[in-house]
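*Asks:* Structure below; questions to follow.
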Amino acid sequence: MAPAGRALALATAIAVAATGAGPTFEPARAQEQATRGLPVIRDTEIEQLLRDYAAPILKSAGLAKQDVRIVILNDRAFNAFVMDGRHIFINAGALFDARTPNEIIGVFAHETGHLAGGHLMKLREQLAAAQTASIIAMLAGVGAAVAGARSGVSGGNIGAAAIMAPQSAIQRSLLAYVRTQEDQADHAGVKFLSATGQSGRGMLELFKRLADEALFNSRYVDPYLQTHPMPPERVAALEVMAKGSPYFDRKDPPELQLRHDMMRAKLSGFLDRPDTVYRRYPLSDHSLPARYARAISTYRYGNGREAIMQIDGLIQTQPNNPYFYELKGQALLEGGHPAEAIAPLRHAVTLAHGAPLIDILLGQALIATENTKNAEEAVPLLRAALAHEPEAPDAYAQLAMAYGRKGDLAQADLAAAQAAFTRGDIKTARQLASRAKTRLPVGSPAWVRADDIVSVKAPAAPNN
Ligand SMILES: [Zn+2]
């Protein structure tokens, strides 16, 4: 039995990493700021599925060109939210709770409704206005208190009451405003679903379930409900809208439902303790998702060779599934067999058609063989992957090792500096970058990158 912390330590196929700490020196990466410091789950299979869920919705909302990214957070509570115009955040807990693809698609449709409606900006304006209003109210309250003191009324309570009353009125008006936005997002969400020939049933059923849970479990309320209040009239209005669509009874295609079930199985296998996995997916369940969850759990907590046998069984059932080969490679690599991991990872890379996270895993296996020729192969592989995934955990550290093995100390220093920078360790990053500069031709592209890091100011906050 491993502690929960172990899930956080493994940064491979499911990489849980605090991404991109520290300031960025490339403007193109400014968008990554939104995910700073959050425990993000990175996984090619799940990310691809969620992109497939969201793409038609975003397109019908006219947001296809905005490169909205879905970010999965390692949190078991039900939540999904937008914080800026470029990211939709969803908790692993929401993915796990959703029984059908249509439920998650419904959540995305609702969040896209917020994005398309520009709600964040409007809410910020309202908040700023509310703050101004509360300052005015406070001044008025101070005035009342002063007036009360002058007229000889005992105590400052009148003043305090004068301060409190307008503030709670402001809170009420803000809450009413948030509820209006929620209604608008529901409305827009159902419209996007209908426009893409999809049902609003998942959204409706999910919201009903969440609202019921809140009624029967007041001790714990999902964060989603705190930001998405679900009064009965909201759910009733959604029901009318959803049932008005000709697609209300349309079901998810079976192959999409299977991918959804595989996602939930994968999350359980990686994030749950074995006893939970086996309760959810008992040995009597021979379905592919159940076998997937058990194979992952076996590799994470049990016998390596047994895990490989189970994964080989999965491969036999679906010989063209890249993620089974990825899992096999990961299990072998982490089991201390990097040379054996290379073949399945190569196969995964070929089948996945452009999956930088799997490229990085292959690079890691190549480097772990401690073979110079393999290290030479790993360098361009990692560099290409990093071009797509500049925040990928550990990839720069891997690259530094590969250069080190090749004997290219200047590039090794630069890559190690970038690794430290991505971790948010600016001090180490600057030291390594300074040393890299002394070894690089002045003015070369690598020298310029090193120089960029040297000139980054250390952040004022000590917790970076
Ligand atoms: Zn909402």
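*Asks:* Under the rule of at least 5 residues apart or a separate chain, name every residue whose amide H is placed under 5 Å from the amide H of Ala61.
*Replies:* Residues meeting the criterion, in which the H sits 1.01 Å from N, do not exist here.
*Asks:* In addition: Per-residue HN-Hα couplings for region 233-239, Karplus 6.51 cos²θ - 1.76 cosθ + 1.60 at θ = phi - 60°, whole Hz, x for Gly and Pro?
*Replies:* Per residue, the Karplus-derived 3J(HN,Hα) values read 5, 5, 5, 5, 5, 4, 4 Hz.
*Asks:* Short version: ³J(HN,Hα) in whole Hz for each residue of region 59-76, in order, from phi by Karplus 6.51 cos²θ - 1.76 cosθ + 1.60 (θ = phi - 60°), x for Gly and Pro, what are they?
*Replies:* 5, 5, 8, x, 10, 4, 7, 7, 6, 6, 9, 9, 10, 9, 9, 7, 8, 7
*Asks:* May I ask you to give the solvent-accessible area per residue for region 295-336, in square angstrom, as obtained with a 1.4 angstrom probe?
*Replies:* Accessible area per residue, region 295-336: 39 Å².
*Asks:* What Rg and what Dmax come out for region 190-343 when only alpha-carbon atoms are used, in angstroms?
*Replies:* For region 190-343, the Cα-based Rg and Dmax read 20.3, 60 Å.
*Asks:* Can you work out ³J(HN,Hα) from phi for every residue in region 431-440, in order, using Karplus 6.51 cos²θ - 1.76 cosθ + 1.60 and θ = phi - 60°, giving whole Hz and x for Gly and Pro?
*Replies:* Values per residue, Gly and Pro as x: 4, 5, 5, 4, 5, 4, 4, 5, 9, 9 Hz.
*Asks:* With each label point set 7 Å from Cα along the Cα-Cβ vector, what nm distance links Leu175 and Leu409?
*Replies:* Taking the simple label geometry, Leu175 and Leu409 are separated by 6.6 nm.
*Asks:* Among the listed pairs Lys406/Lys437; Lys59/Lys266; Lys191/Lys251; Lys437/Lys457; Lys406/Lys427, which are separated by more than 22 Å between their Cα atoms?
*Replies:* Check vs 22 Å cut-off fails for Lys59/Lys266; Lys406/Lys427.
*Asks:* Roughly how many Å² of Asp408 are accessible to a 1.4 Å probe, to the nearest 10?
*Replies:* Ignoring ligands and nucleic acids, Asp408 comes out at about 50 Å².
*Asks:* Kindly provide the Kirkwood hydrodynamic radius of region 372-441 in Å, to one decimal, from all pairs of distinct alpha carbon atoms. Walk me through the numbers before you get to the answer.
*Replies:* Details: mean 1/r = 0.0843 Å⁻¹.
Computed over Cα pairs of region 372-441, the Kirkwood hydrodynamic radius comes out at 11.9 Å.
*Asks:* Could you work out the Rg to Rh ratio of region 46-134, with Rh taken as the Kirkwood radius (inverse of the mean 1/r over all Cα pairs)? Could the numbers behind the result be given before it?
*Replies:* On the way: Rg = 14.3 Å, Rh = 13.8 Å.
Rg divided by Rh gives 1.03.
*Asks:* On a C-alpha basis, how far is the centre of region 346-391 from the centre of region 76-112 in Å? Whole number, if you could?
*Replies:* Between the Cα centres of region 346-391 and region 76-112 lies a distance of 30 Å.
*Asks:* With a sphere of radius 12 Å drawn around the Cβ of Phe324, what net charge do the other residues whose Cβ falls strictly inside it have (Lys, Arg +1; Asp, Glu -1)? Spell out each step's value before the answer.
*Replies:* On the way: positive: Lys266, Arg291, Lys328; negative: Glu45, Asp312, Glu326.
For residues surrounding Phe324, the net value is 0.
*Asks:* Taking H placed 1.01 Å from N in the peptide plane, check which residues at least 5 places from Arg69 or on another chain put their amide H under 5 Å from its amide H.
*Replies:* So Arg69 has HN proximity to His87, Ile88.
*Asks:* Over region 321-464, consider all pairs of different Cα atoms and compute the Kirkwood hydrodynamic radius from their mean reciprocal separation; express it in Å, one decimal. Provide the component values of the computation, followed by the final result.
*Replies:* Values: mean 1/r = 0.0637 Å⁻¹.
Result for region 321-464 stands at 15.7 Å.
The values are calculated or read from the model by the stated rules, or taken from the named source; none is laboratory data. Not measured: the values here are computed from a predicted model. FYI the Cβ positions are ideal-geometry reconstructions off the backbone, even for glycines, and counts take in every protein chain you see. Areas reflect the complete protein model, heavy atoms only, side chains present, ligands, DNA and RNA absent. Shrake-Rupley method; radii C 1.70, N 1.55, O 1.52, S 1.80 Å.
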